[in-house]
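One structure is given here, and the rest of the page talks about it.
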Amino acid sequence: MGDLPLVSILCLCYNQEKFIVESLESIKALTYNNFEMVICDDFSDDSSVETIEKWIRQNPDLQISFVKHTENLGITKTLNELLLISKGKYIQLLALDDLLMHNKLERQVTMLKNSSDKVSLVFSDAHLIDENSELYQNKFIARHLSYLSLKSQNFYEMLLVKNFIPAMSVLIKRQKLMDEGGFDESLSFEDHDMWLRLSKKDDFLFDDVISCSYRLHAHNTHKKREVLNHSMFFKIMIKHKDHQLAREKIFEHLEKLYLLNVLKNEHQIFFQHFPVKSFPEKLIKYNMKPVFYKLAMQIHKLLAYLKSPY
């Protein structure tokens, strides 16, 4: 392959039988030829395994490893397993319900090859598609940011506020992942935590050409995140507790749960790391009835107004 570095495409599958072939075909159609596919089925209970095996048999010329789990290990453990199996200089992640654009790797490998050691990855926006691969009018990043003027830079503070990077759009330098010790296996999801850890040290490149499609359907991971234990959010953000933005964002999330009266142990996680700053915060710490908190906040605002009305 001359001077073309090997790219490892780590493909994750869990009950995605309906979308697998289209996703794998999008890899096959890539204009960049020096890649390997490392596929894992994480103990699906549909016909995903049979679908993957049939596709592999039909494509004997491709470099493919297939791992079949006998129990469900989850995303982060599976990715670390595939990372150790893979050999590529660059890493591409892909759930087998999403799609890659044909020139994604060709563009992004060139960008990373020409980048400095202070760059760990390149990412782009993503199309949004439905179960029938029909395009939505909106794009991925627009669902998360109110502005769309992005450029290559350090995104650490932006990512502390919100995760707006589509995971399937990212191409990562393998060594940067290894330097971080891989993905945090105590977490259910890999992306936000890894982007924060990498951006704390490095810049990211932004590719202004859309490189992939993210599928919205009833069973994909963004839907599942909404019902997961909120402690995952706290476990990710507490790693960045030394930054004021992290405290503000964690407290904002904590306050929302408290006012909905659905706190479990999240307030304990927060106050283990951050001292109480006000009487209203003390009410949250001891999980008092939200009506007292709302009253305390009204009094606090009134006192602030009386102190400085203009």
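The values are calculated or read from the model by the stated rules, or taken from the named source; none is laboratory data. Because the structure is predicted, anything quoted here is derived from the model rather than measured. Because the Cβ atoms are built from the backbone with ideal geometry, glycine has one as well, and the counts that use them run over all protein chains shown. The accessibility values were calculated without ligands, DNA or RNA, using every heavy atom of the protein model including side chains. Shrake-Rupley method; radii C 1.70, N 1.55, O 1.52, S 1.80 Å.
Quickly run through the stretch 131-145 and pick out the residues that are of a type in the set (A, V, I, L, M, F, W, C) and over 13 Å from residue 215 (Cα atoms).
We begin by selecting, within the stretch 131-145, every residue of a type in the set (A, V, I, L, M, F, W, C); these are 135, 140-142, 145.
Matches in the stretch 131-145: 141, 142, 145.
Please go through (1) assigned to a loop (DSSP other than H, G, I, E, B); (2) open to solvent by 20 Å² or more (accessible area, probe 1.4 Å) for residue 252 and return the number of the only condition it doesn't satisfy.
Checking residue 252 against (1) assigned to a loop (DSSP other than H, G, I, E, B); (2) open to solvent by 20 Å² or more (accessible area, probe 1.4 Å), the one that fails is (1).
Report, ordered by the first and then the second residue, all pairs with beta carbons closer than 9 Å, sequence separation of six or more or different chains, a first member in the stretch 282-310 that is on the phi > 0 side of the Ramachandran plot and in contact (Cβ under 8 Å) with a residue 12 or more places away in the chain, and a second member that is aliphatic (A, V, I, L, M) and surrounded by 12 or more Cβ atoms within 10 Å (Cβ to Cβ).
Partner pairs satisfying both residue conditions: 287/263.
Of the numbered conditions (1) open to solvent by 70 Å² or more (accessible area, probe 1.4 Å); (2) in a helix (DSSP H, G or I); (3) modelled with pLDDT under 90, residue 280 satisfies every one except a single condition; which is it?
Tallying (1) open to solvent by 70 Å² or more (accessible area, probe 1.4 Å); (2) in a helix (DSSP H, G or I); (3) modelled with pLDDT under 90, residue 280 fails exactly one: (1).
Since residue 116 meets every condition but one in (1) open to solvent by less than 10 Å² (accessible area, probe 1.4 Å); (2) within 25 Å of residue 203 (Cβ to Cβ), which condition does it not meet?
It fails just one condition, (1).
Among the candidates 79, 62, single out the residue that is surrounded by 14 or more Cβ atoms within 10 Å (Cβ to Cβ), aliphatic (A, V, I, L, M) and closer than 18 Å to residue 25 by Cβ. So that I can check it myself, show each step before the final result.
Details: 79 fails: closer than 18 Å to residue 25 by Cβ.
Answer to the selection: 62.
Just one of 207, 191 is open to solvent by less than 50 Å² (accessible area, probe 1.4 Å) and over 22 Å from residue 83 (Cβ atoms); which is it?
On the way: 191 fails: over 22 Å from residue 83 (Cβ atoms).
Going through 207, 191 in turn, just one is open to solvent by less than 50 Å² (accessible area, probe 1.4 Å) and over 22 Å from residue 83 (Cβ atoms): 207.
Looking only at the stretch 160-174, decide whether some residue is open to solvent by less than 20 Å² (accessible area, probe 1.4 Å) and in a strand (DSSP E or B).
If we filter the stretch 160-174 for residues that are open to solvent by less than 20 Å² (accessible area, probe 1.4 Å), which is where we start, we get 160, 164-172.
In the following step, the residues that additionally are in a strand (DSSP E or B) were identified as 171-172.
There is at least one residue in the stretch 160-174 that is open to solvent by less than 20 Å² (accessible area, probe 1.4 Å) and in a strand (DSSP E or B).
How do the pairs read when you match residues in the stretch 180-206 that are farther than 19 Å from residue 118 by Cα and among the hydrophobic types (A, V, I, L, M, F, W, C) with residues anywhere that are open to solvent by 40 Å² or more (accessible area, probe 1.4 Å) and not in a helix (DSSP H, G or I), using Cβ under 6 Å and keeping only pairs 6 or more apart or on different chains?
Short answer, once both residue conditions are applied: none.
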